[in-house]
Amino acid sequence: MFIQIKAIRKGIKPPRWRRAYLPLHITFSQLAYILEVMLELPRTARFEFEFFQEKDRIFESQGKGRIPYSYEYSCWSAKDSCADDWLMNKTWFTFRVKEQDSAPEYRVEVEKILDDIRFTEESDKSSLFYPVILKEVSVKEDEYWGDGTEINQILKDSCFLKEEGPGYPSFAAVFNRVRKGQGIGTCKEIKSRNNLLGKSTSAMLTEASRLLLQAATEQQKVSPVPKTSATTRVQEKQSTGSLLDLLNSYPKDLLIETAEETGCDLKAQKKPRIAYELARHLLEPDVMRSVLLELPEEDLDAFEAAIKKEHFRPTDEDWYHLEGIYELNYLAEYSDDTVEVPWDVAAVYEVICKNGYRAYHTDARWLIQCLQTFSALFVVGPVKHLFRMYKQRNGSQTDYGGFQKLLQRIPQKLNPCRVMGNRLVANEAAEGDIFLAIEARQRDVAFYLPGETEIRELPANGYPASNPSYKKLFRFLQNDLKLEAELSEELCRYAFMVFSGGGMLSDYMEELNSRGIEFSAKGQIESFAKIIMDLNNHTRMFELRGHTPNEMLSLMPASAPGRRPVIVPMSSNAADLLENGSRELKQLGFEVDNEMTADSIPIMAMPNGLAGEVKAGVRKIYPNDPCPCGSGKKYKKCCGRKNGSHT
């Protein structure tokens with residue numbers, strides 16, 4: 001029996017590949033020798049087969065030497081592993097040798113499985129009895145490959161197949177056998193044997209969680225009384241138990257809701273089985289690792305402290321940090337206001353922590369904050385700039401390779417960006433290629449590099465709360481306009497959203513108007529205009545690649561002697577504010593031009609009513625003003641566009 005494969009050399013263009021027939025009913029040690037001959041690689045026992053999707057690596061065991069540690073991959077012995085067990089139902093694998101650094105790697109795709117292959121040789125139809133190259137795409141003087149017909153002759157002379165009893169030769173034994181002219185031994189009955197060298201940490205953790213859940217099912221301790229919604233805690237005191245006990249106390253609809261939130265693909269329809277499937281899901285180490293990333297370091301500290309206690313009453317400060325754990329269903333609360341971590345939750349958490357979870361959590365949480373800040377400041381930019389941001393944390397030692405691996409492991413749910421080639425793009429801007437328009441608008445300057453404090457502050461508050469300009473806005477909203485602190489915070493976040501995207505004062509005023517916020521006291525509008533002008537000049541904008549307008553002045557070429565930067569309004573409100581603040585602006589080195597963007601439209605007025613005299617006049621209208629036709633659109637999107645103005 002044979003398989004048809006296509007071995008594609010990695011990391012080179014145009015593609016270079018060889019299509020070939022390889023035999024089955026052999027071990028991976030035998031297969032490695034054949035591939036080394038076929039691909040003209042060094043004859044070495046330092047080879048490796050990697051099945052990425054199955055998370056398996058197969059290589060020659062080097063005696064009692066240490067097996068390479070891998071979180072993701074289980075390791076298997078090549079001489080004890082039958083190739084059929086993998087190649088009969090897998091689509092591709094990577095083959096590499098480690099004898100010399102320059103040896104290329106190959107992606108080997110399994111194209112067909114063939115029971116028998118017959119060909120014509122010397123006028124007689126015969127079965128194929130050796131591996132053979134069918135076709136190749138290469139270049140005339142390939143640095144690794146010679147003449148394929150010569151390689152086929154070598155395969156025929158040295159790697160011919162001989163059906164024998166089951167054998168499990170090492171690579172060295174295969175090498176010696178071929179050298180003696182004895183070919184490759186095959187056996188239809190060969191099976192893999194005791195071939196696991198080391199189970200991956202991930203697989204071990206999953207197995208541990210399965211055993212814990214099985215123990216919980218058998219013990220079935222007294223269950224807590226159900227909570228009725230995602231935010232309502234249990235009402236009656238019960239003995240502590242397992243996570244399954246806790247979930248069994250939930251109503252069915254809440255179990256289904258929790259499954260959807262945590263990515264559990266339920267197969268069952270009845271409540272007891274749903275609870276079992278959900279408990280098993282939440283106790284999977286990778287799931288716990290992922291969902292706990294939603295919590296800050298302080299919450300994990302509180303979680304670990306809770307694990308060490310039994311039925312304790314948390315303080316208000318404790319609850320502040322335990323609320324997230326409770327919402328993840330890793331904490332039970334009872335009617336006497338005591339709480340406790342289910343024993344199996346504590347056991348799985350202990351296992352993942354022994355495998356370095358806290359260090360991973362610290363690194364991943366920091367990278368998530370970097371991603372959130374990147375999305376807010378740049379929208380689109382080089383992936384390597386995110387790496388520069390990541391290195392801003394005090395004590396960060398990660399190299400670029402480690403950073404890339406960490407980035408790939410960030411759960412999609414927690415990642416506001418996506419990698420597109422060498423770019424990093426905010427998810428919202430990736431739809432419809434919006435990022436291309438934003439990228440075209442970005443100035444040709446170096447990307448701004450925020451420091452650690454700024455990177456932590458922006459995701460936490462939604463705006464640069466320590467920025468003096470935003471502090472002034474917050475105080476004005478709270479003290480002058482008498483707004484609640486929560487609303488003032490919200491309006492500061494909205495200001496950052498508007499002005500970081502290059503929005504206008506009129507856009508922000510529309511938000512204030514929609515909330516019924518008015519300026520009543522004398523001079524408030526002038527004070528507000530100065531605050532907003534200062535805030536706009538100190539807001540980091542993605543069009544400026546994260547720089548502020550003030551910073552851009554120092555990055556731009558000097559203006560011609562006697563010339564000043566000119567500010568133009570885009571709405572009537574902005575024109576009024578600029579007019580009122582024109583003196584201060586001139587002192588800062590700016591000119592105001594209220595005419596450049598304005599159109600003059602005729603208006604008719606009847607000051608004395610319908611029976612009175614009609615008077616004609618002219619009114620200025622700006623691009624962002626409501627269109628006078630009554631359409632409800634902005635002037636620049638309606639009649640202003642039709643007139644050819646401000647398109």
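The values are calculated or read from the model by the stated rules, or taken from the named source; none is laboratory data. Worth saying up front: this structure is predicted, and the values here are computed from it rather than measured. Cβ coordinates were reconstructed from backbone atoms using ideal geometry, including for glycine residues, and neighbour counts include every protein chain displayed. Just so you know, the surface numbers come from the protein's heavy atoms only, side chains and all, with ligands and any DNA or RNA stripped out. Shrake-Rupley method; radii C 1.70, N 1.55, O 1.52, S 1.80 Å.
R0 = 30 Å: FRET efficiency of Asn580 with Ala465, Cβ-based, nearest 0.05?
Numbers: r = 28 Å, r/R0 = 0.93.
With a Förster radius of 30 Å, E is 0.60.
From the Cα trace of the stretch 385-534, what convex hull volume per residue do you get, rounded to a whole Å³?
155 Å³
Can you tell me which of 29-36, 324-331, 526-533 comes out highest on packing, and rank the rest after it, using the mean Cβ neighbours within 10 Å? Can you show the working numbers first?
Values: 29-36: 24.8, 324-331: 20.9, 526-533: 18.6.
My ranking of the peptides, most packed first, is 29-36, 324-331, 526-533.
Spin-label point model (7 Å from Cα, Cβ direction): what's the Lys55 to Glu511 distance in nm?
4.3 nm
Would you list the P(r) distribution for the stretch 390-465, with all Cα-Cα distances sorted into 10 Å bins from 0 and each bin expressed as a whole %?
Percent of Cα pairs in each bin: 14, 37, 44, 5.
Taking the full set of protein chains and a 1.4 angstrom probe, give the accessible area of His311 in square angstrom, rounded to the nearest 10.
60 Å²
Distance between the C-alpha centers of the stretch 15-63 and the stretch 457-510? Whole Å please.
Answer, in whole Å: 61.
When the label point is put 7 Å from the Cα of Lys90 along its Cα-to-beta-carbon vector, which residues of the stretch 157-194 have a backbone N closer than 15 Å?
192-193
For a bin width of 5 Å, list the pair-distance distribution of the stretch 243-387 built from all Cα-Cα distances, rounded to whole %.
2, 9, 18, 18, 17, 15, 10, 6, 4, 2, 0
Measuring from centroid to centroid over Cα atoms, what is the spacing of the stretch 374-388 and the stretch 327-368 in Å?
31 Å
When averaged across all projection directions, what area in nm² does the alpha-carbon convex hull of the stretch 1-50 cover?
Reported value for the Cα convex hull: 3.9 nm².
Which distance in nm do the two modelled labels at Ser396 and Ile525 give, with both placed 7 Å along the Cα-to-Cβ direction?
4.7 nm
Report the FRET efficiency, 1/(1 + (r/R0)^6), for Asp480 and Leu134, where r is their Cβ-Cβ distance and R0 is 60 Å, rounded to 0.05. Working shown, then result.
Numbers: r = 81 Å, r/R0 = 1.36.
Rounded to the nearest 0.05, the efficiency is 0.15.
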